[in-house]
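Trainee: Have a look at this one before I ask anything.
The values are calculated or read from the model by the stated rules, or taken from the named source; none is laboratory data. Nothing here was measured: the structure is a model prediction, and the numbers come from that model. As a convention, Cβ positions derive from the backbone with ideal geometry for all residues, glycine included, and neighbour counts pool all protein chains shown. For accessibility, only protein heavy atoms count, side chains too; no ligands or nucleic acids. Shrake-Rupley method; radii C 1.70, N 1.55, O 1.52, S 1.80 Å.
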Amino acid sequence: MLIRSKLSSEFVRCVNSPRTWNVHPSTHSRGKSIKPAIIPQNILLDSFSCQAIALYIGDGKRSGKHHIECTSIDIDLVRLMREFFEEYLLISPKRIFLYCRYQDKLPDADIVSVESGVCSSRIKFYARTSLSKPSFALQVASTVHKELMDYLYDVVPTLSLSLPLSKSFLQGLFAAEGCINYNRSERYLVSLSFYLHYKEAKLARRVLYFLKAHGVAARMLFEKKNSLCIRITRWKNYFACYRMQLFDVSDRKLLFSQQVLARTNFSMCSSLLAKKIQESALSQRKIARQLDRSPVTLSLIK
């Protein structure tokens with residue numbers, strides 16, 4: 001699937017090759033400081049680019065007009081975005097910078113460079129006492145590409161994506177905004193959630209639509225602190241999420257999901273045992289106490 005690159009009238013496009021444009025500011029643009037750039041005439045929308053665009057929707061910065069910025073605590077996601085910028089948007093590596101913020105120990109520049117793919121000369125380190133984990137901000141100094149990325153931000157979620165592409169979009173968005181809510185004391189999975197800003201209700205409805213197409217039922221809830229939550233409960237929906245590899249883009253969340261499965265208490269019983277439990281005069285909480293299981297887990301017995 002291809003998307004035609006679209007820019008405002010502030011830019012003039014000239015054919016650079018059969019597949020690329022050379023873009024420079026028009027005479028009535030915002031200023032002469034805008035640098036020319038080469039962009040693709042059409043952007044390929046495949047599994048990888050859908051993941052990257054959804055990741056940018058979750059972790060990207062919309063404010064400002066001259067820089068693209070995507071922030072994450074996961075360096076593997078930083079690498080994914082860098083590859084997308086270079087391979088799909090044709091951004092020169094010379095325009096890509098990585099800003100690493102840390103608390104106590106200065107990270108090794110060579111290791112960060114290898115894991116992110118950003119040249120060590122373009123990596124800057126800043127100490128921040130308020131941080132519990134290092135964070136990485138990938139920044140691109142290009143007004144042209146910033147406008148192009150904003151266009152993709154707005155358009156891609158509205159498209160009629162195929163099942164493989166919608167799956168990739170959900171994977172990328174969960175890597176940025178997804179949460180695995182796990183009760184450690186009782187060892188059960190409470191819910192899976194996407195957290196968005198309360199003004200992103202339109203995006204949330206598209207996420208619900210994509211989830212439904214993959215057999216996942218979810219609810220949209222408005223919470224405190226300007227937060228909008230898409231919440232997924234019940235094991236049949238969790239299994240559908242596992243089948244669609246929802247957690248696989250982020251190494252950290254994939255590992256945690258595997259740990260959750262290993263730690264979770266499951267009630268494995270025959271239909272006869274389930275029938276006896278349902279017909280019992282005991283309450284669900286008393287049965288759970290006798291079986292050393294969570295009441296929530298027992299509620300899944302059919």
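Trainee: Within the range 71-88, can you find the residues that are in contact with a helix residue (DSSP H, G or I) (Cβ under 7 Å, 6 or more places away or on another chain) and open to solvent by less than 10 Å² (accessible area, probe 1.4 Å)?
Mentor: Of the residues in the range 71-88, the ones in contact with a helix residue (DSSP H, G or I) (Cβ under 7 Å, 6 or more places away or on another chain) are 71-72, 74-82, 84, 86, 88.
Hits for the range 71-88 are L77, V78, M81, F84.
Trainee: Let me ask something else about it. Conditions: (1) buried (at least 17 other Cβ atoms within 10 Å of the Cβ); (2) modelled with pLDDT under 95. G172 meets all but one. Number of the miss?
Mentor: Every condition holds for G172 apart from (2).
Trainee: Among the residues of the range 52-65, is there at least one that is charged (D, E, K, R), closer than 28 Å to Y195 by Cα and open to solvent by less than 30 Å² (accessible area, probe 1.4 Å)?
Mentor: Step one: filter the range 52-65 for residues charged (D, E, K, R), giving 59, 61-62, 65.
Then drop every residue that is not closer than 28 Å to Y195 by Cα, which leaves 59, 61-62, 65.
If we keep only those that are open to solvent by less than 30 Å² (accessible area, probe 1.4 Å) as well, we get none.
Checked the range 52-65: no residue is charged (D, E, K, R), closer than 28 Å to Y195 by Cα and open to solvent by less than 30 Å² (accessible area, probe 1.4 Å).
Trainee: Within the range 68-78, is even one residue touching a His at 6+ places or on another chain (Cβ under 9 Å), free of Cβ contacts under 8 Å to residues at least 60 places away in the same chain and among the aliphatic types (A, V, I, L, M)? Show your work before the answer.
Mentor: Keep residues of the range 68-78 that are touching a His at 6+ places or on another chain (Cβ under 9 Å), which gives 68.
Now restrict to residues that are free of Cβ contacts under 8 Å to residues at least 60 places away in the same chain: none.
Checked the range 68-78: no residue is touching a His at 6+ places or on another chain (Cβ under 9 Å), free of Cβ contacts under 8 Å to residues at least 60 places away in the same chain and among the aliphatic types (A, V, I, L, M).
Trainee: In the list V23, V15, which residue meets the criterion of being open to solvent by 50 Å² or more (accessible area, probe 1.4 Å), assigned to a strand (DSSP E or B) and either touching a Phe, Trp or Tyr at 6+ places or on another chain (Cβ under 7 Å) or modelled with pLDDT of 90 or more (or both)? Step through it out loud before you land on a result.
Mentor: Working: V23 fails: open to solvent by 50 Å² or more (accessible area, probe 1.4 Å).
Residue meeting the stated conditions: V15.
Trainee: When you go through E147, E186, E177 one by one, which is the residue that is in contact (Cβ under 8 Å) with a residue 60 or more places away in the chain, out of contact with any strand residue (DSSP E or B) (no Cβ under 8 Å at 6 or more places or on another chain) and not hydrophobic (A, V, I, L, M, F, W, C)? Show your work before the answer.
Mentor: Working: E147 fails: out of contact with any strand residue (DSSP E or B) (no Cβ under 8 Å at 6 or more places or on another chain); E177 fails: out of contact with any strand residue (DSSP E or B) (no Cβ under 8 Å at 6 or more places or on another chain).
After applying the criteria, what remains is E186.
Trainee: If you go through the range 198-215 one residue at a time, how many are farther than 15 Å from Y153 by Cα and not aromatic (F, W, Y)?
Mentor: Taking the range 198-215 first, the residues farther than 15 Å from Y153 by Cα are 198, 205, 208-215.
Checking the rest, the ones that are also not aromatic (F, W, Y) come to 205, 208, 211-215.
Adding up the residues that qualify gives 7.
Trainee: Please determine whether any residue of the range 217-226 is closer than 20 Å to S250 by Cα and either in contact (Cβ under 8 Å) with a residue 12 or more places away in the chain or acidic (D, E) (or both).
Mentor: Looking only at the range 217-226, we keep the residues that are closer than 20 Å to S250 by Cα, and these are none.
Scanning the range 217-226 turns up no residue that is closer than 20 Å to S250 by Cα and either in contact (Cβ under 8 Å) with a residue 12 or more places away in the chain or acidic (D, E) (or both).
Trainee: Next up: So in the range 184-200, with the set limited to residues that are surrounded by 13 or more Cβ atoms within 10 Å (Cβ to Cβ) and over 15 Å from the mean Cα position of the chain (by Cα), which one is farthest from S160 (Cα to Cα)?
Mentor: That would be E186.
Trainee: May I pose another question? Would you mind stating whether I53 is closer than 26 Å to C179 by Cα, in contact (Cβ under 8 Å) with a residue 60 or more places away in the chain and among the aliphatic types (A, V, I, L, M)?
Mentor: Judged against the criteria, I53 is a match.
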